[in-house]
Amino acid sequence: MTKFNCPNSFHYFQFFINPRNIMRNTRFFFPLVIVLLFHNFVTYSLSVESPNITTDQSSLFALKSHVTFGLQSQLKTNWSTATSVCNWIGVTCGSRHLRVTALNLSGMGLVGTIPPHLGNLSFLSLLSIENNSFHGSLPIQLANLRRLKYINFGNNNISGEIPSWFDSLTQLQSLFLYGNNFTGSMPPSIFNISSLQLLDLSDNNLSGSIPPNMFDRLPNLQGLYLNRNLFSGRIPPSLFKCKELTILSLFRNHFEGSLPMEIGNLTKLRILHLRENNLEGTLPDQIGNLQNLETIILENNSFTGVIPPSIFNISTARFISLAFNRFSGQLPSTTGLGLPNLRELSLALNELSGPIPISISNATQLILLQLPNNSFSGIIPDTLGNLRYLQRLDLSHNNLSSNPSSRELSFLPSLINCKDLEQLTFDDNPLISGELPTSVGNLSAYLTLFYGTLCNIKGNIPREIGNLSNLVWLGLDHNNLTGPIPTTIGRLRDLQNVNLGSNKLEGSIPSELCHLERLAFLTLTDNRLSGPIPACLGDLVSLRNLFLGSNNFTSIPSTLTRLNGILFLELDSNSLSGSLPVDIGKWRSVTNLNLSENQFSGTIPSSIADLIDLTHLSLSGNILEGSIPQSFDELISLEYLDLSRNNLSGMIPKSLEKLPNLKYLNVSFNRLQGEIPSGGSFVNYSSQSFMGNEALCGSSRLQVPPCKTDPSRRSKTGTELLKYILPAIGLAILILAMVIILLRNRNRKAEVPITEENLLPLAEWRRISYHELDQATDGFSESKLLGVGSFGSVYQGTLSNGISIAVKVFNANIDRALRSFDVECEVLRNIRHRNLVKIISSCSNIEFKALVLELMPNGSLEKWLYFHDHFLDVSQRLNIMIDIALALEYLHHGHSPPVVHCDLKPNNVLLDNDMIAHLGDFGIAKLISEEDLMTQTMTLATIGYMSPEYGSEGIVSTQGDIYSFGILLMETFTRKKPTDEMFVEETNLKCWVKESLPSAVVHIIDANLLDTIETERLAAKDCVLSILQLALECSAELPEKRIDMKEVVGRLKKIKIKFLQEVQRVSSIKRQKM
């Protein structure tokens, strides 16, 4: 049975509300299937077919000419004059008139528009193009297909308003338009088709209210799907006259008002799905009349009052969700007695009170029972153990208690009978109180989640907890647990999250915890743990969050810097001493670092500037000395910085003014001196940030003395300095003039040896001769060729010292190639950034010009996106885009003058051994003065990536790079080139993405991302949606509407953090099969 997994939601109802599954329900659709049975399949040669079939053939050829073909290439070759139309794939002909009666092209990977010629298939009774990529609007000529009984245009990219001509199709019984981009209001014409039995308009952008009498003429309507739209207003009362209705799905709209008592007229209703609307008021007792109901989902509304007892007497009910409302009162004492088929019951997040009825254990088919976030009280019934099929039990956030006569949590042993139990949460029930029984180790072998936070649990953690071999999440924080952490936890090899914080645990961290190779979250904060932090924790490379604050740990192992994927690291309020790790920069992904309230000494290492993702840093309450590193200005993401209560000296670096996001700064109670900076974020800080530093001076509002100046002394000092500076400047000018003359004379020489190199004037570049390059590349052999471009070729080579290099050789016969070489030399001579391709040297003479670059062994992003044997997951693609964004941010904001790359595309994004991205190929880059902000060029960038102002007027600015970056973002996550053949006429990649957001994002995401990470599907979808929305902001038509790269970097980092957190949350729970 199909399931879906969503917190506090139902997992089985999709089977019933999926139109394709409904079509398989013969009881429900037997009459319809009889009508739609394909006619006998007959084969005739074209030589004996009537002209009518020729007309049909022409219409289908017109369709073929309007589409491109995906993996179903046999369709392209099969539809030809060499084969009878009636033998074409997807085509069915009738035996009587020899005309096409059915056209089924579902899921054939077709991209294109629907041609008007299909309106000539006048004998057509079935038309299905479901699950393709058709776009554009529906042609009016389809109104000629008067015999149509079944239409399925679901899951395409069709847009515009739903046309009014549907009422011409008087025999239509099933109409599927779900999963497109239709807009506008509900078309009244559809509701004039009295034969209509099934209508699915879900997953579009339809809006407005539905007229009260809209359903008066649909006496045969059996299934209605309007979910995931923008409809508003009241549910039309005429809907409750459709007495044949068995499925009503209106979820995720903006319907309002109450549910009328006329709902009780729909006695054939099997599925009622109204979640995520604005419905309110009490539920009518007449809902109990629906004795055929199997699924009742009313969650995420504003219903109030008592839940009608009659709802618990619908014996056919299998799924009931009334969660996220404001229902109050107590549950009937007979709850469960009349629900023999109930599989899932969710009453979460309401205002229910009173005891959990013991009778609920009579609903013996229950697999999910969710009662959290209410005010239930009394003892947790031991009879819950009778629910033998129970998989998920959530009793959290109530006022429940355990049996006071028992020293242990009495309800836990009874749950041993629930052999399929996967998730058990009873956290935030402070009245439970008691010890964990040793029998906890006998709970279900399938248990993945055990949460007992804030339950006043006492005593030791039993060793038997190590028997729960499939446990993924263990949460026992904020209790009164004592004793050591049991070593048996090391057996739980699937553990990803352990939270034992805020207890009274003692002893050291057992080394057995280092066996948990999948551990991502470890929280031991606020206990009485002591001793050194185990060195082996540095081997848990999967760790993302490590919280060890408020304990008595004495030392931090050097191995901890191996955790290069750590996001949150909090070791505050311990007894850690010694110097801060010199290689602290290895925590390059960390966003929150808290080492405050310890005894760290020495200086703050300069490598801390490598923590480019850092947003929160606290080193307060230590005995650190020395100055605040100037390199702090590289922490561009920093929002919170606390260096208070140390022994820091020197001046507050003025470069801290460059940190655009720094909202909180505290350097109080140090030995700092000099003027407090006044620019940037410093205008927002108060005196509290600087108190306790007697030698500071500055603005009076900061309650420090003004800075003293001595004009006469300054003038005298300046005069003295000029005595020494002016002669030195004169000497430097003289030397420079002599060098220029010598160089000019050298360049005038007619003959220059081919092997003589003229390297760029950077002292750190290696001098490499032509001869050495020739040897390194085996004479520039084809076996070493990496690629060929318009200006030259790139070769792989190895220098005599073993260094691997890439040699970019420019074609000396092309003027533009020589100019490209000059540009790259000019740009690369002064820029340095970890995400830019590193230049090692250059070699230049009359006949040979080459750049020697660091080799990128993993090739280009182009290769990883489009080669069949390469694949990047969401996280890798996101990291690559962040790397390139950081490179652009440096070029635009970290270098003077700003550098505009001008040619962003996947081929120019290169990947090193660690899959870190480097931006290369500066052959048409531009240096722009900060005063001009833009310039003009005649150099052409790559079509599809260039901004509108670049292509039309040759205007170059940093905003043009941002536009190209937006296109690159779209391509990276959709795996569609902007020059793809599907983009014709006015359609382009940007429009395609824009029209698909947000509702149809799954149709444009690279399918490989969704297919290969099933456990991360929801997280991936949300992540890519955020990325594509950012991409659209980057690629705004007007340059002034585009955001800058600083904001792009910040947004991408936040998207990354949210994605990683969501992945950890989702993957921590064993996913049920969708």
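For every residue, the table says whether it meets (1) without any contact (Cβ under 8 Å) to a residue 24 or more places away in the chain; (2) under 26 Å from GLU435 (Cβ atoms); (3) surrounded by fewer than 21 Cβ atoms within 10 Å (Cβ to Cβ); (4) touching a helix residue (DSSP H, G or I) at 6+ places or on another chain (Cβ under 6 Å).
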{"site": "GLU464", "(1), (2), (3), (4)": "no, yes, yes, yes"}
{"site": "LEU500", "(1), (2), (3), (4)": "no, yes, no, no"}
{"site": "PHE521", "(1), (2), (3), (4)": "no, yes, no, no"}
{"site": "LEU529", "(1), (2), (3), (4)": "no, yes, no, no"}
{"site": "GLY538", "(1), (2), (3), (4)": "no, no, yes, yes"}
{"site": "SER542", "(1), (2), (3), (4)": "no, no, yes, no"}
{"site": "ASN551", "(1), (2), (3), (4)": "no, yes, no, no"}
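Looking only at residues that are within 18 Å of GLU889 (Cα to Cα) and surrounded by fewer than 21 Cβ atoms within 10 Å (Cβ to Cβ) in region 592-611, which one is farthest from the chain's Cα centre (by Cα)?
Initial filter on region 592-611 (within 18 Å of GLU889 (Cα to Cα)): 609-611.
Still in the list and also surrounded by fewer than 21 Cβ atoms within 10 Å (Cβ to Cβ): 609-610.
On the way: ALA609: 27, ASP610: 25 Å.
Once the filter is applied, the top-ranked residue is ALA609.
Listed residues PHE690, PHE632; which is buried (at least 21 other Cβ atoms within 10 Å of the Cβ) and under 24 Å from LEU1052 (Cβ atoms)?
Residue meeting the stated conditions: PHE632.
Name the residue, out of ILE235, ILE210, that is closer than 20 Å to PRO284 by Cα and either without any contact (Cβ under 8 Å) to a residue 24 or more places away in the chain or among the β-branched types (Val, Ile, Thr) (or both). Even if it seems obvious, please write down each step before you answer.
On the way: ILE210 fails: closer than 20 Å to PRO284 by Cα.
Going through ILE235, ILE210 in turn, the sole match is ILE235.
For a quick check of your reading: which strands (runs of 3 or more DSSP E) sit entirely within region 542-612 and have at least 1 residues that are among the aliphatic types (A, V, I, L, M), over 24 Å from VAL667 (Cα atoms) and touching a strand residue (DSSP E or B) at 6+ places or on another chain (Cβ under 8 Å)?
Details: elements: 545-547, 568-570, 577-579, 592-594, 599-602.
Here the list reads 545-547.
Take the residues in region 194-215 that are under 22 Å from ASN152 (Cβ atoms) and among the hydroxyl-bearing types (Ser, Thr, Tyr), then tell me which one is surrounded by the most Cβ atoms within 10 Å (Cβ to Cβ).
SER202
Which condition does GLY288 not pass, out of (1) at pLDDT 95 or above; (2) of a type outside the set (A, V, I, L, M); (3) touching a helix residue (DSSP H, G or I) at 6+ places or on another chain (Cβ under 6 Å), if it passes all the others?
Unmet condition: (1).
Counting residues that are not aliphatic (A, V, I, L, M), which strands (runs of 3 or more DSSP E) fully inside region 110-215 reach at least 3? Break it down into steps so the answer makes sense when it comes.
Working: elements: 111-113, 126-128, 133-136, 150-152, 157-161, 174-176, 181-184, 198-200, 205-209.
The strands (runs of 3 or more DSSP E) meeting that bar are 133-136, 157-161, 181-184, 205-209.
For region 634-658, give me each residue that is over 19 Å from VAL704 (Cβ atoms), part of a loop (DSSP other than H, G, I, E, B) and out of contact with any Gly (no Cβ under 7 Å at 6 or more places or on another chain).
Correct list: LEU635, ILE636, LEU638, GLU639.
Restrict the check to region 567-578 and report whether at least one residue is touching a Leu at 6+ places or on another chain (Cβ under 9 Å), surrounded by fewer than 22 Cβ atoms within 10 Å (Cβ to Cβ) and among the aromatic types (Phe, Trp, Tyr).
Checking region 567-578: at least one residue is touching a Leu at 6+ places or on another chain (Cβ under 9 Å), surrounded by fewer than 22 Cβ atoms within 10 Å (Cβ to Cβ) and among the aromatic types (Phe, Trp, Tyr).
Give LEU818, LEU855 a once-over and let me know the one that is among the aliphatic types (A, V, I, L, M) and modelled with pLDDT of 80 or more.
Unique residue meeting the criteria: LEU855.
Rundown of residues vs (1) at pLDDT 90 or above; (2) exposed (fewer than 14 other Cβ atoms within 10 Å of the Cβ); (3) within 23 Å of GLY160 (Cα to Cα), yes/no style:
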residue	(1), (2), (3)
HIS39	no, no, no
LEU71	no, yes, no
CYS86	yes, no, no
GLY90	yes, no, no
LEU105	yes, no, yes
MET108	no, no, no
GLY119	yes, no, yes
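Going through PHE182, PHE191, PHE240, PHE231 one at a time, which residue ends up being closer than 21 Å to ILE297 by Cα and crowded, with 21+ Cβ neighbours inside 10 Å?
Working: PHE182 fails: closer than 21 Å to ILE297 by Cα; PHE191 fails: closer than 21 Å to ILE297 by Cα; PHE240 fails: crowded, with 21+ Cβ neighbours inside 10 Å.
After ruling out the rest, the residue left standing is PHE231.
Yes or no: PRO31 surrounded by fewer than 17 Cβ atoms within 10 Å (Cβ to Cβ), within 27 Å of LEU198 (Cβ to Cβ), outside the structural domain of THR987 (by TED's automatic domain parsing) and at pLDDT 60 or above? So that I can check it myself, show each step before the final result.
Working: surrounded by fewer than 17 Cβ atoms within 10 Å (Cβ to Cβ): yes; within 27 Å of LEU198 (Cβ to Cβ): yes; outside the structural domain of THR987 (by TED's automatic domain parsing): yes; at pLDDT 60 or above: no.
Answer is no for this residue.
Testing LEU121 on (1) of a type outside the set (Phe, Trp, Tyr); (2) more than 16 Å from LYS64 (Cβ to Cβ); (3) over 41 Å from the mean Cα position of the chain (by Cα), one condition comes back false. Which one is that?
(2)
Any idea which of LEU342, LEU415, LEU352 is part of a loop (DSSP other than H, G, I, E, B) and either at pLDDT 95 or above or over 38 Å from the mean Cα position of the chain (by Cα) (or both)? Walk me through how you get there before you give the answer.
On the way: LEU415 fails: part of a loop (DSSP other than H, G, I, E, B); LEU352 fails: part of a loop (DSSP other than H, G, I, E, B).
So the residue among LEU342, LEU415, LEU352 that is part of a loop (DSSP other than H, G, I, E, B) and either at pLDDT 95 or above or over 38 Å from the mean Cα position of the chain (by Cα) (or both) is LEU342.
Determine the pairs where a residue that is modelled with pLDDT under 85, located within region 775-792, has a partner that is assigned to a loop (DSSP other than H, G, I, E, B) with Cβ atoms under 7 Å apart, the partner being 6 or more residues away or on another chain.
Filtered contacts from region 775-792: ALA776/LEU799; LYS784/THR777; LYS784/ASP778; PHE791/ASN811; PHE791/ILE814; PHE791/GLY923; GLY792/ASN811.
In region 382-409, which residues are among the polar types (S, T, N, Q) and in a strand (DSSP E or B)? Lay out the reasoning, then the answer.
Going residue by residue through region 382-409, those that are among the polar types (S, T, N, Q) are 383, 386, 391, 396, 398-399, 401-403, 405-406.
Residues satisfying the conditions are ASN399, SER401.
What is the one condition in (1) assigned to a helix (DSSP H, G or I); (2) more than 11 Å from ILE831 (Cβ to Cβ) that ASP914 does not satisfy?
Only one criterion is unmet by ASP914, namely (1).
For the structure I just gave you, tell me whether ASN646 is modelled with pLDDT of 90 or more, of a type outside the set (Lys, Arg) and farther than 30 Å from ARG834 by Cα. Spell out how you get there, then give the answer.
Numbers: modelled with pLDDT of 90 or more: yes; of a type outside the set (Lys, Arg): yes; farther than 30 Å from ARG834 by Cα: yes.
Yes.
Here is a check on your reading of the model: is PRO998 within 17 Å of LEU888 (Cβ to Cβ) and at pLDDT below 90?
On the way: within 17 Å of LEU888 (Cβ to Cβ): no; at pLDDT below 90: yes.
When the stated conditions are applied, PRO998 does not pass them.
Can you name every residue in region 216-228 that is more than 18 Å from PHE182 (Cβ to Cβ) and either polar (S, T, N, Q) or buried (at least 22 other Cβ atoms within 10 Å of the Cβ) (or both)? Even if it seems obvious, please write down each step before you answer.
First, the residues of region 216-228 that are more than 18 Å from PHE182 (Cβ to Cβ): 216-223.
Across region 216-228, the qualifying residues are LEU218, ASN220, LEU221, GLN222, GLY223.
If I filter region 489-537 down to residues being assigned to a loop (DSSP other than H, G, I, E, B), aliphatic (A, V, I, L, M) and farther than 20 Å from VAL440 by Cα, which single residue comes out as modelled with the lowest pLDDT?
Residues of region 489-537 assigned to a loop (DSSP other than H, G, I, E, B): 492-496, 500-503, 508-510, 516-520, 524-527, 532-534.
Within this subset, residues satisfying the condition of being aliphatic (A, V, I, L, M) are 492, 495, 500, 509, 516, 519-520, 524, 533.
Subsequent filtering for residues that are farther than 20 Å from VAL440 by Cα retains 509, 516, 519-520, 524, 533.
Numbers: ILE509: 96, LEU516: 94, LEU519: 93, ALA520: 90, LEU524: 97, ILE533: 96.
Checking each candidate, the answer is ALA520.
Considering only residues that are buried (at least 22 other Cβ atoms within 10 Å of the Cβ) and modelled with pLDDT under 85, which ones fall in region 907-923?
Answer for region 907-923, where residues must be buried (at least 22 other Cβ atoms within 10 Å of the Cβ) and modelled with pLDDT under 85: GLY920, ASP921, PHE922, GLY923.
Does PHE867 count as over 28 Å from GLY585 (Cβ atoms), at pLDDT below 85, surrounded by fewer than 22 Cβ atoms within 10 Å (Cβ to Cβ) and touching a helix residue (DSSP H, G or I) at 6+ places or on another chain (Cβ under 7 Å)? Break it down into steps so the answer makes sense when it comes.
Numbers: over 28 Å from GLY585 (Cβ atoms): yes; at pLDDT below 85: yes; surrounded by fewer than 22 Cβ atoms within 10 Å (Cβ to Cβ): yes; touching a helix residue (DSSP H, G or I) at 6+ places or on another chain (Cβ under 7 Å): no.
Criteria not met by PHE867.
Starting from residues that are touching a His at 6+ places or on another chain (Cβ under 8 Å) and crowded, with 16+ Cβ neighbours inside 10 Å, keep the ones in region 248-291 and report whichever is nearest to ARG326 (Cα to Cα). Break it down stepwise before answering.
In the first step, residues of region 248-291 are kept if they are touching a His at 6+ places or on another chain (Cβ under 8 Å); the result is 248-251, 277-278.
Next cut, crowded, with 16+ Cβ neighbours inside 10 Å only: 248-251, 277.
On the way: LEU248: 23, SER249: 22, LEU250: 20, PHE251: 18, ASN277: 14 Å.
Within region 248-291, the match that is nearest to ARG326 (Cα to Cα) is ASN277.
For region 169-179, which positions are farther than 22 Å from LYS994 by Cβ, of a type outside the set (Phe, Trp, Tyr) and surrounded by 18 or more Cβ atoms within 10 Å (Cβ to Cβ)?
LEU169, LEU172, GLN173, SER174, LEU175
What is the number of the single condition among (1) closer than 28 Å to CYS418 by Cβ; (2) crowded, with 24+ Cβ neighbours inside 10 Å that GLU294 does not meet?
(2)
The values are calculated or read from the model by the stated rules, or taken from the named source; none is laboratory data. Fair warning: this is a prediction, and the values are worked out from it, not measured in the lab. Cβ sites come from the backbone with ideal geometry, for glycine too, and all protein chains shown count toward neighbours.
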